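The values are calculated or read from the model by the stated rules, or taken from the named source; none is laboratory data. Bear in mind the structure is a predicted one, so any value in this text is a computation, not a measurement. With ideal geometry, Cβ positions are generated from the backbone for all residues, glycine too; neighbour counts draw on all protein chains shown. With ligands, DNA and RNA removed, areas are computed over all heavy atoms of the protein, side chains included. Shrake-Rupley method; radii C 1.70, N 1.55, O 1.52, S 1.80 Å.
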Amino acid sequence: MASLLLLTLFLCFTFTAIPFFSPVSAEPEAKTYIFRVDSFSKPAVFPTHYHWYSSEFTEPVNILHVYDNVFHGFSASLSPSQVASVLQHPSILATFEDRRRQLHTTRSPQFLGLRNQKGLWSESDYGSDVIVGVLDTGIWPERRSFSDLNLGPVPTRWKGVCETGAKFTSRNCNRKIIGARFFSKGHEAAPGFGPIGGGINDTVEFRSPRDADGHGTHTASTAAGRHAFRASMSGYASGIAKGVAPKARLAVYKVCWKNSGCFDSDILAAFDAAVSDGVDVISISIGGGDGISSPYYLDPIAIGAYGAVARGVFVSSSAGNDGPNGMSVTNLAPWLTTVGAGTIDRNFPAEVILGDGRKLSGVSLYAGKPLNGKMYSIVYPGKSGVLSASLCMENSLDPHLVRGKIVICDRGSNPRVAKGLVVSKAGGVGMILTNGVSNGEGLVGDAHMIPTCAVGANEGDAIKAYISKNPTAAATINFHGTIIGVKPAPVVASFSGRGPNGLNPEILKPDLIAPGVNILAAWTDAVGPTGLDLDHRKAEFNILSGTSMACPHVSGAAALLKSAHPDWSPAAIRSAMMTTANLVDNRLLPMTDEATGKPATPYDYGAGHLNLDLALDPGLVYDLANQDYVSFLCAIEYGPKTIQVITKSPVNCPMRKPLPENLNYPSIAALFSTATKGVSSKTFFRTVTNVGDANTVYTVKIEAPKGVTVSVKPAKLGFSEKIRKLSYYVTITVDSKNLVLNDSGAVFGSLSWVDGKHVVRSPIVVTQMSPL
């Protein structure tokens, strides 16, 4: 009886002393919010967190997701007054409004240094039994890339499910696709996308893990597709298509929906499920669509990834496609591996032949009826000064001006392939797609529906100048199929997100680059290769570009390394990739930037280009544990309650504040204040773990940035059977009178540990920043 009385008093206090919801008239439209809850506050009388959360509302509320693994809390569709009421509850640590995110849209495995008979493929058995979770648009399971032929049984540790739905049954899962889920509650509750906006459009989407967009099928097969012979996209890039980890298992988490993006609440729910299901690697080619990086405690991708990494799951993310602008890199959390994009040594050349005989090079994946050398008049609608016409936007072209002609369209605003449809509707016979200054000479191939050649900014200017001087200007377009052995390669893609890190420049981002231009991989049958509604072509494979394509290369690489080294942490795997990355192209010259043609820098490529031939045996790794990330968060002045939003568990920051630059990262970024004159120094602390031969001695090799002095103590590290970890200090000294920063506002160098077999290289970035 006494215990019952205490329970009654407890419930009365919990549910009446704190304000909760009451009906409010004329409320504004509800929105979806994500709430971080202190899980330790749950009263014992509730069997689950869902029961606890539900009991807090005095009126029916639509709870969308309950998060238990990577994050504690829930998402719900609430009115502003309801949100205000919830925030008064002492167990609520944080809340953030649901945001819409965007996708960062055969030869590449060999280009990474993978070979059939030896090396990482052989040592890892092609990633066998490692489980890669892909958060994307779903999968088209019938593709040959997802065959389970000769694969062993599903790993016994797997706890996931195969969710069924529209045109997706349990038979669509197999020993390759071992799990599939879809997450749509956040999407359907969003204003403009939910009941008011019509929810999911069942005429173009599937309420199931089936892929109506193609992006998810492409990324999944890039990471872990099986060998598929006689693969091509309409004859382009013909050969054997295969993913980086062909024997790895796939777990599919559909969080993005055709034409409407991906919502944070669904993404976080997918992270939660993936960790619970038992994935080893998570691949997420998704980022903010507004170019703004949120603080980690307000970023569900960063929060979900932390929860995954804390459980030993490697998380690979795309760096975004807003390059070549500086500070455009996204997915900045130091526990994420952030991947930029580079080219491979394959291209799809086309050329514009002008009436005066000049030939201007470009690229194209057009596979229809060619122009056969016939000359057509060319016209540039942008000459009128109307921006929409220069961009060939919908209904912007005058049929009387373009009918029967090749039309010049400027790149930007609407999809590249959509411009061709606009030209076709207006009666044009072909298109020359010209880059602007922001894209420079960076080109990507597209499966255009009319004869089209994409050209760089210089070629575009030359063609426009030719038109302005020649009233009878004419041209034709020739297509030359596929060529391999292109030099130089890799080149940093012009669109690839660039540093410095906009949140914490002490951490260099991106971490590295991987193949992300003109990548052949599996495709959906739901749409044609352009993804346009009017494109009714069917393609088993498609060729796409973006950091979305680079990210799954690293995800597959992580699967191979995890299979070869099951005891390696996510940080150790990233370190192995970064410290062995390439800095030179296939001419053995420094990598260049596609946008400028000049040598690229660590702000463009991070530690360099992924090289799996060396990553298998890196010699030393820079490892990190959960407490290291907590110390970093303390260092950037997050309070304990704020950090708990990310870490789930309560934390205590040390009395002596750590330095963010002392996070044991495989790169070093030294920030000096512009207000400091004369000579100044900073000292960094790093610890390396020997994962190679037990008895070995490493000697430091320094390439100091121009105008900078770098010293390392000790200069030698001796390892043995008993000594597997050793630490060292790096002191970077600058004299403001002699420091001359380059165009990106920094100078660059490196620090390497060398033992005769291994070169364990870390980039060094030195920059100046104005004091706050």
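Listed values, structure above:
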{"item": "Some residue of region 300-310 being part of a loop (DSSP other than H, G, I, E, B) and either surrounded by fewer than 24 Cβ atoms within 10 Å (Cβ to Cβ) or on the phi > 0 side of the Ramachandran plot (or both)", "result": "no"}
{"item": "Index of the failed condition, F21 passing every other in (1) at pLDDT 85 or above; (2) of a type in the set (A, V, I, L, M, F, W, C); (3) buried (at least 18 other Cβ atoms within 10 Å of the Cβ)", "result": "(1)"}
{"item": "Top-ranked residue in region 350-397 [being of a type in the set (A, V, I, L, M, F, W, C), open to solvent by less than 20 Å² (accessible area, probe 1.4 Å) and not in a loop (DSSP other than H, G, I, E, B); ranked as farthest from G481 (Cα to Cα)]", "result": "A389"}
{"item": "Single unsatisfied condition, S563 versus (1) buried (at least 24 other Cβ atoms within 10 Å of the Cβ); (2) in a helix (DSSP H, G or I)", "result": "(1)"}
{"item": "Residue satisfying condition, being open to solvent by less than 10 Å² (accessible area, probe 1.4 Å) and assigned to a loop (DSSP other than H, G, I, E, B), within set D535, D525", "result": "D535"}
{"item": "Single residue of region 45-58 satisfying the filter (open to solvent by less than 50 Å² (accessible area, probe 1.4 Å) and part of a loop (DSSP other than H, G, I, E, B)) that is farthest from G278 (Cα to Cα)", "result": "F57"}
{"item": "Exclusive hit being under 31 Å from the mean Cα position of the chain (by Cα), closer than 20 Å to H187 by Cα, open to solvent by less than 60 Å² (accessible area, probe 1.4 Å) and at pLDDT 70 or above, set V66, V83", "result": "V66"}
{"item": "Condition met for P510 (in a loop (DSSP other than H, G, I, E, B), closer than 27 Å to L588 by Cα and open to solvent by 10 Å² or more (accessible area, probe 1.4 Å))", "result": "no"}
{"item": "Residue among D693, D628, D623 that alone is open to solvent by 60 Å² or more (accessible area, probe 1.4 Å), in a loop (DSSP other than H, G, I, E, B), within 30 Å of A581 (Cβ to Cβ) and not aliphatic (A, V, I, L, M)", "result": "D693"}
{"item": "Whichever residue in region 540-560 is part of a loop (DSSP other than H, G, I, E, B) and open to solvent by 10 Å² or more (accessible area, probe 1.4 Å) and, among such residues, is farthest from T689 (Cα to Cα)", "result": "E540"}
{"item": "The lone exception for M655 - which of (1) in a strand (DSSP E or B); (2) open to solvent by 30 Å² or more (accessible area, probe 1.4 Å) it fails", "result": "(1)"}
{"item": "Some residue of region 184-192 being over 22 Å from A274 (Cα atoms) and of a type in the set (A, V, I, L, M, F, W, C)", "result": "yes"}
{"item": "Test: residue in region 583-599 that is closer than 19 Å to S283 by Cα and among the aliphatic types (A, V, I, L, M)", "result": "no"}
{"item": "The listed residue being hydrophobic (A, V, I, L, M, F, W, C) and under 24 Å from S545 (Cα atoms), out of I450, I406, I463", "result": "I450"}
{"item": "Within region 311-349, considering residues that are over 13 Å from the mean Cα position of the chain (by Cα) and within 19 Å of L624 (Cα to Cα), the one most open to solvent (accessible area, probe 1.4 Å)", "result": "R311"}
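Here's the yes/no breakdown for (1) open to solvent by less than 20 Å² (accessible area, probe 1.4 Å); (2) more than 21 Å from P141 (Cα to Cα); (3) of a type in the set (A, V, I, L, M); (4) at pLDDT below 95:
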| site | (1), (2), (3), (4) |
| --- | --- |
| I178 | yes, no, yes, no |
| F193 | no, yes, no, yes |
| G216 | yes, no, no, no |
| S221 | yes, no, no, no |
| A224 | yes, no, yes, no |
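To keep it simple, each residue is scored yes or no on (1) in contact with a His (Cβ under 7 Å, 6 or more places away or on another chain); (2) under 29 Å from T647 (Cβ atoms); (3) hydrophobic (A, V, I, L, M, F, W, C); (4) crowded, with 24+ Cβ neighbours inside 10 Å.
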position: D585; (1), (2), (3), (4): no, no, no, no
position: K598; (1), (2), (3), (4): no, no, no, no
position: Y605; (1), (2), (3), (4): no, no, no, yes
position: L610; (1), (2), (3), (4): yes, no, yes, yes
position: L616; (1), (2), (3), (4): no, no, yes, no
